[in-house]
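Asker: First the structure, which I've put down as structure tokens, then a few questions once you've had a look.
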Amino acid sequence: MPPINSLRFRVAFAFAVFGGLLSILLVAGIYLTAHEFGHRLMDETLRAELDDAVERHARDSVFVPPNTVSIKGYVLSNTGSSQNIPAAIKSLLPGSHNVNIEEIDYRVLIADRNDVRYFMLFDTDRQHEREERFLHFLILFALFMTVASAGGGFWLAMHILIPVARLARQVSQVEPGDVNLSLASLARNDEVGELARAFDHYRHRLQEFIERVNYFTADVSHELRTPLAIILGAVEVLEQDETLSTKQRERVARIRRAAQDMIDLSSALLLLAHEYLPVADDQPCDVSEVVHTCVDKHRHLIGDHPIRLDVELHGEPQLSVERPLLEIVIGNLLRNALFNTQSGSILLRLEAERFIVKDTGLGMSPEVLARAFERHYKSASSAGAGVGLSLVQRICDRYGWRISLNSREGQGTTVEIDFSAQRSA
């Protein structure tokens, strides 16, 4: 059974609706026609009986009513009238009428001939029974047509969509490196072939775009790392200069940290630019070790501020993750907490399946909190470029981690990362 949102189901459903509506219109038309035709036959029969009764009455001067199961006749005149004329028809005017007498429906024809009024009654119960049986047959026919239309639509959809399904399988099996594969050659010269050619054209453009991106990342990586390596080399030379003052050494150390951060960030961004394909035998990364590394690396940001930085380790999770990316996640969260806390405390808590950063800093308003993960968004008090939390979320999405952010203005911020999603995957 195909899913409800599949194209085959929708085609079959459309056929069923079309067949059902067409059958209903056809049934209604046939039933109304048969009903009208039955009334006309009854009127003609009554008219023929009336003409015959008038002729016999004029010839014999005695009215002999019709003697059949369905037809009754009465006469009303000054010289002689039929007995037991139903009161329901006595006051009716000449013409055709539908009358119920003693819970029996009659078709009545009334006519005045030679100063005599004639009444002809046709018992319509049998006609109604025949019409009801005919209606039941028509309803069964409509249901059969609806089911047959659905079955026919599903069968047609199965056969018509075979080329589309085959093309979909071929597209799903195409690898990025299959440059010479042509989907159009595997399809016929029809609408599916046009779709395959459109796929080929789009895949060719996408391949060219990927090549340009690869060239760009390779060039940027080389052209960016080279000057950074030169900067680090110059920093090492400066650090060996014993004539530098304490302030100068602090500035040199700051240059080293900035250059090293740039190298780590460029490495992480290059890793993010590549498709993530988890491998079972990847070496796990010790999260607790990364936490200690990030704390040591960012402790200088405390400076002279009265901030207490606490680290609580209640677990030692091992994750299959590139270490530079994990360092960016923890480092960005810690750096944000330090930038937004002038005094108070910052807590880093590592558990078996969670990592929490909690500060008592400035906090965020509901408006800022709602846009905190938007790229390049920064609040008025932010000192960064607005890419830190956005980058953290991208890395979390890459590995299937869940990140949550809770904050109140003036009461601090709590960020929690749940690693359990990756472990259960």
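Asker: If you take the alpha carbon radius of gyration of region 191-269 and divide it by 2.2 N^0.38 Å, what ratio comes out, to two decimals?
Answerer: Ratio of Cα Rg to 2.2 N^0.38 Å: 1.96.
Asker: Okay, next question. Which whole-Hz couplings ³J(HN,Hα) result when phi for each residue of region 312-326 is put into the Karplus expression 6.51 cos²θ - 1.76 cosθ + 1.60, θ = phi - 60°, listed in order with x for Gly and Pro?
Answerer: For region 312-326, the Karplus-derived couplings read 10, 10, 10, x, 10, x, 10, 10, 7, 8, 5, 4, x, 5, 5 Hz, x marking Gly and Pro.
Asker: Right, next: Can you work out the FRET efficiency for the pair His314 and Thr293, with r the C-beta to C-beta distance and R0 = 25 Å, to the nearest 0.05?
Answerer: 0.85
Asker: So, by mean Cβ neighbours within 10 angstrom, what's the order for 256-264, 81-89 with the highest one leading?
Answerer: Order by mean packing, descending: 256-264, 81-89.
Asker: If you look for lysine pairs in the chain that are eight or more places apart or on different chains, how many of them have Cα atoms under 27 Å apart?
Answerer: Step by step, the pairs that qualify in the chain add up to 5.
Asker: Assuming 0.36 nm per residue, please report the length gained on full extension of the stretch His136 to Ala28 beyond their Cα-Cα distance.
Answerer: 37.7 nm
Asker: Okay, next question. Just to verify a number: FRET efficiency for Glu236 and Asp261, C-beta to C-beta distance, R0 = 22 Å, to 0.05?
Answerer: Result of the calculation: an efficiency of 0.85.
Asker: Then there is this: If r is the Cβ-Cβ distance from Gln83 to Phe18 and R0 is 60 Å, what FRET efficiency results, to the nearest 0.05?
Answerer: Using R0 = 60 Å, I get an efficiency of 0.50.
Asker: Taking only Cα atoms and a 10 Å spring cutoff, compute GNM fluctuations for the chain and point out the largest among Ser61, Ser172, Ser345.
Answerer: Highest fluctuation among the options: Ser61.
Asker: Tell me the label-point distance for the pair His128, Asp105, using the 7 Å Cα-to-Cβ offset, in nm and rounded to one decimal.
Answerer: Output for this residue pair reads 0.4 nm.
Asker: Helix 7-60 versus the longest principal axis of the chain: what angle, 0 to 90°, nearest 10, using Cα atoms?
Answerer: Helix 7-60 sits at roughly 10 degrees to that axis.
Asker: Starting from a Cα-only point model with no solvent, please compute log10 I(q)/I(0) by Debye for region 7-159 at q = 0.14, 0.15, 0.19, 0.21 1/Å.
Answerer: Here the Debye-derived log intensity ratios amount to -0.74, -0.80, -1.07, -1.21.
Asker: Next question, about the same structure. Of all alpha-carbon pairs in the chain, indicate the percentage at a distance above 40 angstrom.
Answerer: 58 percent
Asker: Same structure again: Using only the Cα atoms of region 105-146, build the gyration tensor, take square roots of its eigenvalues as a ≥ b ≥ c, and label the shape rounded, prolate or oblate: rounded if a/c is under 1.5, else prolate if a/b is larger than b/c, else oblate.
Answerer: Because a/c hits 1.5 or more and a/b exceeds b/c, region 105-146 counts as prolate.
Asker: Right, here's the next one. I'd like the orientation of helix 162-172 relative to the chain: the angle between its Cα long axis and the longest Cα principal axis, in ° from 0 to 90, rounded to 10.
Answerer: Compared with the principal axis, the helix lies near 10 degrees.
Asker: Divide by every residue of the chain the summed helix terms, -39500 (n - 2.57) for each DSSP H run of at least 4, and state the resulting mean residue ellipticity at 222 nm, rounded to the nearest 500 deg cm²/dmol.
Answerer: Helix-only estimate at 222 nm: -19000 deg cm²/dmol.
Asker: State the answer as a single residue: which of Gly73, His39, Asn84 lies farthest towards the positive end of the charge dipole of the chain, with beta carbon charges of +1 for Lys and Arg and -1 for Asp and Glu, about the Cα centre.
Answerer: With unit charges placed on the Cβ atoms, the residue in question is His39.
Asker: Return one number: the angle in degrees, 0 to 90 and rounded to the nearest 10, between the long axis of the Cα atoms of helix 191-239 and the longest principal axis of the Cα atoms of the chain.
Answerer: 20 degrees
Asker: A further question follows. Measure out, as a whole number of angstrom, how far apart the alpha-carbon centroids of region 1-58 and region 213-254 sit.
Answerer: 91 Å
Asker: Further question on the same structure: Quote to one decimal, in nm, the extra length available between Arg197 and Asp286 on full extension: 0.36 nm per residue of separation minus the C-alpha distance between them.
Answerer: 27.2 nm
Asker: Turning to a different aspect of this structure: Take each of the peptides 104-114, 292-302, 125-135, 240-250, average the number of other beta-carbon atoms within 10 Å over its residues, and list them starting from the highest.
Answerer: Taking the mean over residues of other Cβ atoms within 10 Å, the ranking is 104-114, 292-302, 125-135, 240-250.
Values quoted throughout were computed directly from the atomic coordinates according to the rules given, and no laboratory measurement underlies them. These numbers come from a predicted model, not from an experiment. Here the Cβ is made from the backbone with ideal geometry for all residues, glycine too, and neighbour counts use every protein chain on show.
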